[in-house]
Amino acid sequence: HAKQTGRDAYCLFDPQMQAMIEHKAGLEADLRVAVNQNQLLLYYQIQVDAEQRAYGAEVLLRWLHPERGLVQPTQFISLAEETGLILPIGHYVLMSACQQLKAWEQSESTRDLVLSVNISIRQLCQDDFVKQIKDILEVTQVNPSKLKIELTESLVMDGTSDNAKKMLELQQLGIHFAMDDFGTGYSSLVHLKRLPLNQLKIDRSFVGNIVNNPNDAVIVRAIIAMAAALDLEVIAEGVESQEQMEILRQYGCKAFQGYLFSRPLPLEEFHGLLH
Ligand code: C2E
Ligand code: MG
Ligand code: MG
Ligand code: MG
């Protein structure tokens, strides 16, 4: 029995482990060609103000796999990060997002929309990240202040690193930065002091419990008050009910995103939602 012949043997012959490794290897091979074969799709989730007017959207990636169908980012983003594939994928997302922003600028009804794009810390760590963004802005001729970059908290981020300098340089061009999933990382408050941020995005785990859990309500209220004191914008993600929105509004939150307004949608459907 493989299990009794030692740890290495266990890893090699455990059929479940073997299946998982094969699954991952298959997915990785498929992901390698996904960008070139146009299998990566940008979905758009609407963001609204306190009057429930649309002012922008977040781009959320989907993978239309030829056999598996629509694959969610939770199934492939971490694999893309491990393999480095997030670099070409992330570049593609940024370029596509800016092309979309440019297209929206051409029409009266979509002219003022802003767009949030998630980037991985690995993208920001590239030496030429600032140049990549500048090139994309130049090619697409997008107004940089329409672009918001969402970052998730990570240990790699400290104020002395090149990353903070890169962010500052991009912020001086007009690009905005949001800290995504705010409140879930253990060094959130350190980041507030060290990074050039424009917005905090309250994690949906707090928003989801705001009605029933007094502790989460207190935390959300504190985040909103702190953001105001630090002159940062704040947006709540994962808003699913009118009741949640009311409480958030009472606490002073002015921007909202969640299934209450819409799920992330393909471009055509997103346009339908706007009109
Ligand atoms: P995120 O940036 O925090 O995005 C919000 C996630 O919450 C999205 O999941 C969205 O579909 C989901 N969501 C929005 N409203 C609600 C709601 O009311 N209730 C619930 N339960 N969920 C809601 P999604 O699209 O599966 O994306 C998951 C994560 O994958 C994102 O979390 C982001 O970290 C990552 N991701 C997505 N697209 C990209 C990308 O282009 N690049 C990178 N680096 N990461 C991406
Ligand atoms: Mg995000
Ligand atoms: Mg988030
Ligand atoms: Mg998240």
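The values are calculated or read from the model by the stated rules, or taken from the named source; none is laboratory data. A quick note: this is a predicted structure, and the numbers were derived from the prediction, not measured. In this analysis, Cβ positions are derived from the backbone assuming ideal geometry, glycine residues included, and neighbour counts consider all displayed protein chains.
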Self-check item: Of the criteria (1) surrounded by fewer than 18 Cβ atoms within 10 Å (Cβ to Cβ); (2) more than 16 Å from residue 58 (Cα to Cα); (3) not polar (S, T, N, Q), which one residue 206 fails
Solution: (1)
Exercise. For the range 169-188, enumerate the residues that are at pLDDT 95 or above and over 18 Å from the mean Cα position of the chain (by Cα).
Key: 169, 172, 173, 174
Quiz item: Hey, among 147, 151, which residue is touching a helix residue (DSSP H, G or I) at 6+ places or on another chain (Cβ under 8 Å), at pLDDT 95 or above and either within 16 Å of ligand 1 (Cβ to nearest atom) or acidic (Asp, Glu) (or both)?
Solution: 147
Quiz item: (1) under 17 Å from residue 118 (Cα atoms); (2) at pLDDT 95 or above; (3) more than 15 Å from ligand 2 (Cβ to nearest atom): which one isn't true of residue 208, the others all being true?
Solution: (1)
Self-check item: Complete set of residues in the range 38-49 that are modelled with pLDDT of 95 or more and outside any strand (DSSP E or B)
Solution: 39
Quiz prompt | Every residue from the range 184-203 that is in contact (Cβ under 8 Å) with a residue 24 or more places away in the chain and either away from ligand 4 (no atom under 16 Å from the Cβ) or surrounded by fewer than 19 Cβ atoms within 10 Å (Cβ to Cβ) (or both) | solution = 184, 185, 187, 188, 190, 192, 193, 194, 195, 196, 197, 198
Exercise. Find all pairs meeting these conditions: Cβ atoms under 8 angstrom apart; at least six residues apart or on different chains; first residue within the range 94-109 and surrounded by 18 or more Cβ atoms within 10 Å (Cβ to Cβ); second residue modelled with pLDDT of 95 or more and not hydrophobic (A, V, I, L, M, F, W, C).
Key: 94/132; 98/140; 101/140; 101/143; 101/146; 104/110; 104/111
Exercise. Being in contact with a Pro (Cβ under 7 Å, 6 or more places away or on another chain), surrounded by 15 or more Cβ atoms within 10 Å (Cβ to Cβ) and in contact (Cβ under 8 Å) with a residue 12 or more places away in the chain narrows it down to one of 173, 151, 137, 147, so name that one.
Key: 137
Self-check item: Leading residue by the ranking (modelled with the lowest pLDDT) among those in the range 154-167 that are hydrophobic (A, V, I, L, M, F, W, C) and surrounded by 13 or more Cβ atoms within 10 Å (Cβ to Cβ)
Solution: 157
Quiz prompt | Those residues of the range 241-258 which are more than 18 Å from the chain's Cα centre (by Cα), within 16 Å of ligand 3 (Cβ to nearest atom) and farther than 24 Å from residue 194 by Cα, in sequence order | solution = 244, 248
Exercise. Report yes if residue 112 is closer than 22 Å to residue 45 by Cβ and away from ligand 4 (no atom under 16 Å from the Cβ), otherwise no.
Key: yes
Quiz item: Which residues, taken from the range 230-275, are polar (S, T, N, Q), surrounded by 14 or more Cβ atoms within 10 Å (Cβ to Cβ) and free of Cβ contacts under 8 Å to residues at least 40 places away in the same chain?
Solution: 241, 244
